[in-house]
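Heads up: the structure comes next, in C-alpha cells.
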Amino acid sequence: MIDLLTLRNDTPGTRHVVHFNNAGASLMPQPVIDAITSHLTLESEIGGYEAAQLRQDATQQFYTSTADLLNTTAEHIAATANATDAYARALSSIPFERGDVILTTVNDYVSNQLAFLSLQKRLGVNIVRAEDSPAGGVSVEDIASKIKALRPRLVAVTHIPTNSGLIQPVEAIGQLCREADVLYLVDACQSVGQLPLDVNQIHCDFLTATCRKFLRGPRGVGFLYVSDKVLSSQLAPLFVDLRGAVWESADSYQLLPTAQRFEYWEFPHALLQGAAEANRYALSVGLEAIARRNTTLRENLCNRLRQLPDVRLLDEGERLASIITLSSERKPAADLKSALLAERINTSLSDHGSAILDYDRKGITTAALRISPHYFNTEEEITTLVDALTRILA
C-alpha cells in the first residue's frame, strides 16, 4: 500500500505546486535534500577533499543502493554526470569499425540518435532501425530477423522514450542479444524509479539512467551499469582517467577490474549521497507498489483527458507508462504549458525535434504537451489538472 500522507509530508514541493513533470525532474523527498545539504555544509566547514574522506562510506552507498535497484552488485555500477554522459561512455568503449551495424528503433531518445549519427559520420557505421509492430512499439520479430541477417555490433533500445508512454519489450530483445552474443545497450532514463528493473532479466551489457526523474534524486548525477561480459572483454571508455586505470609505466596502464574504469576522478559527492537516499527511498516504498500506483494514476488521468473536446492522446503500445502526451486543435502545446504553469501546475513540452520519426508519423509538427504523474500525486491533483485544462481549452 502507498502511504500518500507520509509521502507528501516527505515532499516539500507538494505544498507549492501540482507537479506533473516527473519525466523531466521529479520533486525530491526530504531525506534526499538533507543528505545533499548536509554534505555541502560539511564541505564549507572543513574542505571538499576532507569532507569526501570523512563521508566516503556515505558516497559508497550510492553504488550499493543503485545495485539493489537493478538486482546486481556495486562492482557493476559507475557514477556519471547524467544519462547521456553514461551513454557516451558506453558507446566510446565499443571498438566500432567501418560497416558495423547499430540496430535500434524508431522510438529512441534524440541524444542517442544524434550519437549514432555522429558515429556514422566519423567512423562509417550503419544505423538500422527495426520496424514497429501494428500495436505500437518495436517488433521483436523484426529485431530477431535483423540480428540474424545483419549481425549488428550493437543493439540499442530506449526502454521508455521521452516523448511517449510506450514501454519497449527490453527483456525479449535482451534474450535475442544474449543468444546471438551481441552487445546490448538499454536507456532506462525514464523507467528507473517507476518500474522494477532487473538487469539479469533484461540481459543487457550496458544500462544508463539519470537520477533526477522518476527516481526523485538530484540533478547532475546518473549511472552506468556494465555487465561481466563488458568487464571481462576489457572494454573501457575512449578517454580513461586516473579513476579508472593505473598508470604503470611511461607507455602502459592497467584498467581497474570493476565498472569504476568508466568513471572520472572528479564527481559531486553531495549529489551521490543524495542519489543514494533517493534509491533507498524508492526501495522502501517498493518498486512494485510504485508501478501499480502509477498505472492507476495514468489510467484515471487518461480517462479524464479523453473526455476533453478536441484533445488527442498520442501514446501507443501494448504497455504504457507514466508519460502521457497530447495535442489539441484549440491551442498549441506551448500555450497549454504556459497557462498551466500560471496556475502552478507543472507539465512539460515534447517538441518535434526530440522525436521526429515518431512525431512525423503522428502528425505533430511543433510539440506535444507531456504530463507525467508519479506515485505521490493524488486524485485531487488530477482533478485540478483536468479542470484547468477544461478552462484553458474553452
The relative contact order of the chain, taking Cα pairs under 8 Å that sit 6 or more residues apart, comes to a percentage of 23 percent
For residue 331, the lysines lying under 24 Å Cα to Cα, once residues fewer than eight places off in the same chain are dropped, come out as 362
GNM of the chain, Cα pairs under 10 angstrom: of 172, 149, 180, the biggest fluctuation goes to 149
Applying the gyration tensor rule to the Cα atoms of segment 129-204 (axes a ≥ b ≥ c; rounded if a/c under 1.5, else prolate if a/b exceeds b/c, else oblate), the class is oblate
Classified through the alpha carbon gyration tensor (a ≥ b ≥ c as square roots of its eigenvalues; rounded if a/c is under 1.5, else prolate when a/b is larger than b/c, else oblate), segment 17-67 comes out oblate
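Quick one: net charge of residue 267's neighbours, Cβ under 13 Å, K/R +1, D/E -1? Intermediate results must be reported in sequence, preceding the final value.
Numbers: positive: 89, 243; negative: 85, 241, 263, 266.
Result for the neighbourhood of residue 267: -2.
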Taking protein heavy atoms only, a 1.4 Å probe, and rounding to whole percent, the accessible area of the chain owed to carbon and sulfur comes out at 52 percent
If one builds a Gaussian network model of the chain from Cα atoms under 10 Å apart, the most fluctuating residue listed among 121, 229, 213 is 121
Total charge of the residues flanking residue 203 in space, meaning their Cβ is under 14 Å from its Cβ, with Lys and Arg +1 and Asp and Glu -1, is -4
Diffing segment 360-376: the Karplus 3J(HN,Hα) column from phi (6.51, -1.76, 1.60, θ = phi - 60°), in whole Hz with x for Gly and Pro, holds 4, 5, 8, x, 9, 9, 10, 7, 10, 7, 10, 10, 10, x, 9, 4, 8
Any lysines whose Cα falls less than 30 Å from that of residue 148, other than same-chain ones fewer than 8 residues away, would be 121, 229
Surrounding charge for residue 8, neighbours by C-beta under 15 angstrom, Lys/Arg +1, Asp/Glu -1, total -2
A student applying the Cα gyration tensor rule (rounded when a/c is under 1.5; otherwise prolate if a/b is larger than b/c, oblate if not) would label segment 1-115 oblate
A chain fully extended from residue 75 to residue 234 at 0.36 nm per residue, minus the present Cα-Cα distance, gains in nm 55.8 nm
As a Kirkwood estimate from alpha-carbon pairs, segment 71-180 has a hydrodynamic radius in angstrom of 14.9 Å
Relative to the compact-globule estimate 2.2 N^0.38 Å (N residues), the Cα gyration radius of segment 76-116 stands at a ratio of 1.28
Going residue by residue through segment 249-265, the Karplus relation 6.51 cos²θ - 1.76 cosθ + 1.60 with θ = phi - 60° gives ³J(HN,Hα) values, rounded to whole Hz and with x marking Gly or Pro, of 8, 4, 10, 8, 8, 10, 5, 5, x, 10, 5, 4, 5, 8, 9, 10, 5
The chain accessible area per residue, 1.4 Å probe, protein heavy atoms, integer Å², reads 43 Å²
For residue 337, the aspartates and glutamates lying under 13 Å Cα to Cα, once residues fewer than eight places off in the same chain are dropped, come out as 351
Under a Gaussian network model of the chain whose springs join Cα atoms within less than 10 Å, the largest fluctuation of 41, 72, 366 belongs to 41
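The values are calculated or read from the model by the stated rules, or taken from the named source; none is laboratory data. Bear in mind the structure is a predicted one, so any value in this text is a computation, not a measurement. In this analysis, Cβ positions are derived from the backbone assuming ideal geometry, glycine residues included, and neighbour counts consider all displayed protein chains. Surface accessibility is based on the protein's heavy atoms, side chains included, excluding ligands, DNA and RNA. Shrake-Rupley method; radii C 1.70, N 1.55, O 1.52, S 1.80 Å.
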